[in-house]
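Read through the structure below, which is laid out as structure tokens, and then see the notes.
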Amino acid sequence: MDVWWTEPVTVLKGIGKKRAEAFERLEIHTLGDLLNYYPRTDSYIDFSHLKTIRELAVDGSQQIFRGELMNVTDRYSPRVRQYSVVLVRDDTGYAELYFFGAQRYYLRHLKPGMAVVVTGRVKPGRSAAKVVSEATITPQDEETDASSPGILPVYSLTESLTQQQLRTVVKQALALAAEKGLPETVPASLLQRYRFPDRLTALRNIHFPASAAAFREARRRLVYEELFLLQCGLMLNREHNYDGRSGVNHDRDGALVKQVLHNLPFQLTVAQKQAWQDISGDMEDVKPMNRLLQGDVGSGKTVLAALALAKAAENGYQGCIMAPTGILAQQHLETLTSFFRGTGVRIALLTSNTKPAERREILESLADGSLQILIGTHAVLQEDVQFRCLSLVVTDEQHRFGVNQRGRLAAKSDFAPDVLIMTATPIPRTLALTVYGDIETTVMRGRPPGRKHIETLCYTGDMRRKVYEGMVRQIRAGRQAYVVCASIEESEGLEGVRSVTEVYEELKRTVLHGIPCALLHGRMKPAEKDGIMEAFAAGSVKVLVTTTVVEVGVNVPNATLMIVENADRFGLAQLHQLRGRVGRGEHQSYCVLLTDNKDPDTLARLTVLHNSDDGFELAQKDLELRGAGQLFGLRQHGLPDLRLADILKDTDVLLKCRKDAQEALSKPDLRKELLAGTSNLFDSRFAGIFNS
């Protein structure tokens with residue numbers, strides 16, 4: 001079949017070099033990318049449901065109306081900087097449309113007197129006008145006949161592109177698809193089983209629905225396709241990585257496990273005992289363990305890793321624990337050294353900063369088996385790091401590692417090693433199945449003994465000065481503090497957000513004048529970041545002004561205050577993760593959430609953190625509010641973004657797709673048909689996972 005869909009969008013009429021650059025900012029490079037750039041599914045303009053302004057319900061719901069554009073006014077406020085207000089009227093009233101950031105660019109195409117169609121969420125205004133947020137405004141004279149029935153798509157845009165320009169080129173691409181034909185990526189038997197429309201019909205009705213029913217059928221097929229291709233890709237990927245190695249069945253807990261338990265400065269909690277029962281049982285089975293250990297911040301996951309490493313060592317094997325940062329790996333070394341004192345077990349740390357002579361000694365000891373436990377960062381994935389008898393792989397905060405790195409450590413063993421994945425980010429089971437494949441899940445709830453409750457407070461910006469004066473009092477009392485910001489620089493496109501560089505310079509100049517403080521963010525070199533964290537952990541730096549780079553695994557018991565600037569820009573689960581950086585010592589700790597957003601809904605959302613310290617409860621609320629993509633995005637795993645499917649809402653479809661993918665890959669004729677379809681993969685998002 002002619003692979004016309006790989007042609008650049010510049011082959012279409014109306015797309016020259018300059019306009020192609022605007023499409024590239026939307027990650028649209030080819031005709032296939034264009035057809036797979038779906039409209040916003042809650043924002044179609046249905047001309048049969050247009051309202052007057054008086055008829056608009058002020059309930060925050062998405063609605064559509066028609067009117068005349070009166071004027072566009074640019075305004076300024078300290079909180080959001082510049083924004084624009086568009087005034088629209090009809091015979092029944094007025095509406096004010098609010099536009100922020102990049103949304104404002106396409107207002108340049110609007111002129112007073114234009115007839116426009118508006119979609120957006122309607123709220124009551126302070127005057128007689130109704131207020132429309134998250135608005136999309138479309139000049140009516142761009143349509144062939146605005147009064148005729150029909151449903152038009154509304155796309156997410158970048159500056160300099162209009163809705164009509166995008167609609168026009170999508171229509172051209174659909175015409176080419178009808179002329180030249182499209183490949184089917186779902187086997188014909190599955191299309192028949194579920195009575196799905198063919199791919200061309202589905203694409204037509206997702207972009208320009210013939211009716212509401214046709215749209216629902218198109219979405220049903222394309223959601224299935226996304227999840228089915230994702231599952232097939234993951235299964236083929238696992239097939240590719242599986243080389244027939246058998247697992248290790250470790251003996252029941254022996255003297256070394258008991259000695260580590262004896263060395264612990266506390267008794268295991270009920271949750272920890274249950275988790276160890278799960279892990280120990282897995283390790284005693286010849287089938288390789290593949291377990292996800294979810295534990296709230298400070299729940300004691302490292303203790304479980306230590307016991308698993310002890311079990312591997314007492315059976316004559318080696319274990320390795322991989323952490324995402326050097327500072328976290330160093331903390332694991334200190335913790336495990338304490339837990340294994342007096343046992344004779346050798347433990348070593350390998351990072352990019354390990355000196356050459358020490359590195360050579362570690363590699364030799366791994367190769368001859370005299371080094372039982374290796375702790376490291378990505379440095380352990382290098383080819384010359386070889387184990388004599390690796391039977392256990394532990395990865396901490398696994399979501400910080402990409403999908404293609406996941407099997408590289410396990411591949412360093414003659415066996416199929418047991419794999420234990422630890423995370424403080426609560427993950428729904430369906431999302432865990434998607435990201436990790438076939439996996440068992442253990443959830444540990446509750447804090448270990450001795451961990452204090454963290455007092456969480458939420459203030460608006462007018463209390464900022466008093467909050468920072470309180471921070472200075474904490475420092476003078478001998479404590480340390482974090483100040484966390486949402487962006488590194490002001491120019492990152494986040495309207496009204498105080499950047500970490502801006503906050504650092506301001507604090508250093510004012511309340512922190514003369515107090516040792518440091519700036520930390522993700523664009524610094526690893527050695528520089530580690531040096532700053534070591535200085536903070538040692539107490540020579542009193543205040544760390546940072547981005548969320550501190551979210552994972554920093555243990556500074558003397559830090560008793562966490563201030564989060566623009567807290568409304570973070571999810572609840574992420575704020576809970578950040579909050580877990582304090583409350584690790586003997587002193588009462590505090591987390592202060594600062595926001596310049598006085599919207600009652602925003603303040604109510606942040607207040608949830610004041611009332612709850614259960615990370616799983618907060619994650620569930622986050623999932624309801626923000627969706628799985630925001631909380632635990634797929635792209636960071638090396639997996640394609642899902643444009644229509646929602647892993648939480650489409651759970652039943654996901655489980656159906658898993659079953660169908662297993663069936664398709666297990667039957668030779670279906671497998672052949674599937675692989676033939678994916679060899680000419682129409683949707684480039686999935687090319688990476690099928691070709692990895």
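The values are calculated or read from the model by the stated rules, or taken from the named source; none is laboratory data. These numbers were taken from a predicted model, which means no experiment stands behind them. Glycine gets a Cβ as well: all are built from the backbone with ideal geometry, and neighbour counts include every protein chain shown. We work out accessible area using only protein heavy atoms, side chains counted, and drop any ligands, DNA or RNA first. Shrake-Rupley method; radii C 1.70, N 1.55, O 1.52, S 1.80 Å.
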Practice prompt. Take segment 370-384 and flag every residue that is more than 18 Å from Pro526 (Cα to Cα) and in contact with a strand residue (DSSP E or B) (Cβ under 7 Å, 6 or more places away or on another chain).
Written response: Leu371, Gln372, Ile373, Leu374
Fill in: Candidate set: segment 261-290, residues that are aliphatic (A, V, I, L, M) and within 21 Å of Ile421 (Cβ to Cβ); chosen: the one farthest from the chain's Cα centre (by Cα)
Val286
Fill in: Single condition Thr30 does not satisfy, out of (1) out of contact with any Phe, Trp or Tyr (no Cβ under 7 Å at 6 or more places or on another chain); (2) of a type in the set (Ser, Thr, Tyr); (3) at pLDDT 85 or above
(1)
Discussion item. The conditions are (1) open to solvent by less than 10 Å² (accessible area, probe 1.4 Å); (2) closer than 26 Å to Glu469 by Cα; (3) not small (Gly, Ala, Ser), and Lys542 fails exactly one of them. Which is it?
Written reply: (1)
Item to complete: Please give the helices (runs of 4 or more DSSP H) falling wholly within segment 462-549 in which 1 or more residues are of a type in the set (Ser, Thr, Tyr).
Response: 464-476, 500-509
Worksheet item: Within the set of pairs 6 or more residues apart or between chains, which connect a residue that is under 25 Å from Asp384 (Cβ atoms) inside segment 337-362 to a residue that is assigned to a loop (DSSP other than H, G, I, E, B) and open to solvent by less than 60 Å² (accessible area, probe 1.4 Å) with Cβ atoms less than 6 Å apart?
Response: Val345/Gln372; Arg346/Leu371; Arg346/Gln372; Ala348/Leu371; Thr351/Thr377
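Okay, residues lined up against (1) within 17 Å of Val394 (Cα to Cα); (2) at pLDDT below 95; (3) open to solvent by 50 Å² or more (accessible area, probe 1.4 Å):
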residue: Leu268; (1), (2), (3): no, yes, no
residue: Gln274; (1), (2), (3): no, yes, yes
residue: Leu292; (1), (2), (3): yes, yes, no
residue: Ala308; (1), (2), (3): yes, no, no
residue: Lys311; (1), (2), (3): yes, no, no
Item to complete: Could you run through segment 192-202 and say how many residues are under 16 Å from Glu226 (Cβ atoms) and either modelled with pLDDT under 95 or assigned to a loop (DSSP other than H, G, I, E, B) (or both)?
Response: 4
Worksheet item: Can you pull out the helices (runs of 4 or more DSSP H) entirely within segment 572-643 that have at least 2 residues that are modelled with pLDDT under 75 and farther than 26 Å from Val443 by Cα?
Response: none
Worksheet item: Residues Glu495, Glu469, Glu490, Glu440: which one is surrounded by fewer than 18 Cβ atoms within 10 Å (Cβ to Cβ) and modelled with pLDDT of 90 or more?
Response: Glu469
Worksheet item: From the set of residues in segment 156-205 that are β-branched (Val, Ile, Thr) and touching a helix residue (DSSP H, G or I) at 6+ places or on another chain (Cβ under 8 Å), which is farthest from Lys656 (Cα to Cα)?
Response: Thr162
Response to the item:
The one condition Arg219 fails out of (1) open to solvent by less than 50 Å² (accessible area, probe 1.4 Å); (2) closer than 20 Å to Leu644 by Cα is (1)
Worksheet item: Which numbered condition trips up Asp42, out of (1) under 26 Å from the mean Cα position of the chain (by Cα); (2) at pLDDT 90 or above; (3) loosely packed, with under 13 Cβ neighbours inside 10 Å; (4) of a type outside the set (Val, Ile, Thr)?
Response: (2)
Practice prompt. Would you check if there is a residue in segment 526-537 being closer than 30 Å to Asp601 by Cβ and surrounded by fewer than 20 Cβ atoms within 10 Å (Cβ to Cβ)?
Written response: no
Worksheet item: Can you pull out the residues in segment 122-139 that are within 11 Å of Gln62 (Cβ to Cβ) and surrounded by fewer than 16 Cβ atoms within 10 Å (Cβ to Cβ)?
Response: Ser133
Worksheet, complete the sentence: When segment 23-50 is checked residue by residue, the ones that are of a type in the set (A, V, I, L, M), assigned to a helix (DSSP H, G or I) and under 29 Å from Gln63 (Cβ atoms) are Leu34, Leu35
Worksheet item: Within the set of pairs 6 or more residues apart or between chains, which connect a residue that is closer than 11 Å to Gln231 by Cβ and open to solvent by less than 20 Å² (accessible area, probe 1.4 Å) inside segment 651-665 to a residue that is of a type in the set (D, E, K, R) and in a helix (DSSP H, G or I) with Cβ atoms less than 7 Å apart?
Response: Ala664/Arg671; Leu665/Arg671
Worksheet item: Quick one: would you say Thr343 is closer than 27 Å to Ala527 by Cβ and surrounded by fewer than 23 Cβ atoms within 10 Å (Cβ to Cβ)?
Response: no
Worksheet, complete the sentence: Looking across segment 2-18 at residues that are modelled with pLDDT under 90 and outside any loop (DSSP other than H, G, I, E, B), the single one that is nearest to Leu69 (Cα to Cα) is Lys18
